[in-house]
1. (1) surrounded by 19 or more Cβ atoms within 10 Å (Cβ to Cβ); (2) at pLDDT below 80: which one isn't true of Asn220, the others all being true?
2. Quickly run through segment 49-75 and pick out the residues that are under 14 Å from Tyr302 (Cβ atoms) and either in a strand (DSSP E or B) or among the acidic types (Asp, Glu) (or both).
3. Looking only at segment 336-356, decide whether some residue is at pLDDT below 90 and assigned to a helix (DSSP H, G or I).
4. Taking the condition of being aliphatic (A, V, I, L, M), farther than 24 Å from Gly38 by Cβ and modelled with pLDDT under 90, how many residues in segment 56-111 meet it?
5. Being surrounded by fewer than 21 Cβ atoms within 10 Å (Cβ to Cβ), aliphatic (A, V, I, L, M) and either closer than 25 Å to Arg357 by Cβ or under 28 Å from the mean Cα position of the chain (by Cα) (or both) is the filter here; which residues of segment 239-291 pass it?
6. Taking segment 382-407 on its own, how many of its residues are surrounded by 14 or more Cβ atoms within 10 Å (Cβ to Cβ) and among the basic types (Lys, Arg)?
7. For the list (1) under 20 Å from Met239 (Cα atoms); (2) surrounded by 15 or more Cβ atoms within 10 Å (Cβ to Cβ), I need the number of the one condition that Phe352 fails.
8. Would you tally the residues in segment 314-336 being under 19 Å from Val277 (Cβ atoms) and of a type in the set (S, T, N, Q)?
Amino acid sequence: MPQAAVIFPVILGTLVLLYRYSKPQRWPPGPPPLLLVGNVHQMPKTHEWKTFAQWAKTYGDCVYVNVLGQPIVILDSFAAASDLLNQRSAIYASRPHLPMANLYTGSVILRVTYGYQTASEGDKFVALAEEVLAAFSIASQPGVWLVDIIPWLRHLPSWFPGTEFKRTAALANKDSPEMIQPNFVTTILSQSADVLPEEDRQDLMWAAGSLFGGKTCFINVLAGSDTTVSAISSFFLAMTMYPEVQSRAQAEVDKVGTDGRLPQLSDRPNLPYVECVMQEVKRWNPVGPLGIPHMSTKDDVYRDYHLPAGTIIMANVWSMLHDPLVFPDPHEFRPERFLNDKRAVEVNTCVFGFGRRSCPGVYFAEASLFIAICTALSQCNISNPTNSRGQKIGKDVEYQTGTISHPEKLFCNITPRAGTSGE
């Protein structure tokens, strides 16, 4: 490659950064940046939401950082997020372009109702799906890949420094076809390749995918199943740590199942405490601690701060749900906090996003989680296992870093309750 082909984009990028930094703008407060690179050296590698929450204690609930010229504003309170993402959703309804996340879009079509039965354990398609979702969880975080901040890097060869995203994408493109099963949708697409417009092809794929995923919280990737798994994992973890909550919830479930049947959605109005357990599961360790970022489409002014078009807006959902002013003892699992606190219920809605980009599958998601919790409570006893020395081994559990956060390791004993089949 000629030297000019390498030097020119570097010079161009430097000029763009200098231009952005030279503009006299009143930004929200934030950690002090370095010239040219901004705050890239201060961006956390893991559990970003916790670092952002610490920043908020110093700089307030509207924090500004600059990553290689890309302005990012982190909203740490429900009030600030509602002001911008709900009240001004017409301006903040866009999403940042994330090339790495888009590589996963459309490459995999999940089975809708095509007759494939997964194995009880070790199913290869389940394993592949988990790998892709894990990769997406990392790829969809703004700033993880330089190409998200400097789009022209995609034109450089894969051997060039800073283009690791190309090698990662190559591996993804190699592995993802293994997940595509012959089914009704792919048959239609193959038979109509010459007559079906590309727009109709995309509509067909995503309509089918949305039926399977059950909810479309994320615009480009159907990750509904992964969020459900994360929430259920948090429920099981909470039951091992708070047996008194489990006992109270089981007693309530038993009252509606006196005829031996499993709980149904129609029982939901008669299970107020179980409803609170579900709400607390969503709050305690939210499946999407930072959600999916928004991007402004027009210049705006908020609290006398200038927010230009193209600013990435991140809502720190985890911090909002651990605000001690709204949720006393936020790190404790206390379902009763939702019994008579309308403010807590209102703030808890942030787990499904804000404004025009909020999750359209909220009712399906809650219904699915509610039934899963009720069924587990009615059929199982969940307890914390112990090692050979009698010490509990599942007490301190870390959560994974990523757009979708799971418990790192989940240890629990699950035994059938007396009088149940245990199936």
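1. So the condition that Asn220 fails would be (1).
2. Within segment 49-75, Asp61, Cys62, Val63, Tyr64, Pro71, Val73, Ile74, Leu75 qualify.
3. Checked against the condition, which is being at pLDDT below 90 and assigned to a helix (DSSP H, G or I), segment 336-356 yields at least one hit.
4. Within segment 56-111, residues that are aliphatic (A, V, I, L, M), farther than 24 Å from Gly38 by Cβ and modelled with pLDDT under 90 number 6.
5. The answer is Met241, Val245, Leu265.
6. 1
7. Here Phe352 clears every test but (1).
8. Qualifying residue count for the region: 0.
The values are calculated or read from the model by the stated rules, or taken from the named source; none is laboratory data. Owing to the predicted nature of the structure, the values given are computational and were not obtained by experimental measurement. No Cβ is skipped: glycine too gets one built from the backbone with ideal geometry, and neighbour counts run over all protein chains shown.
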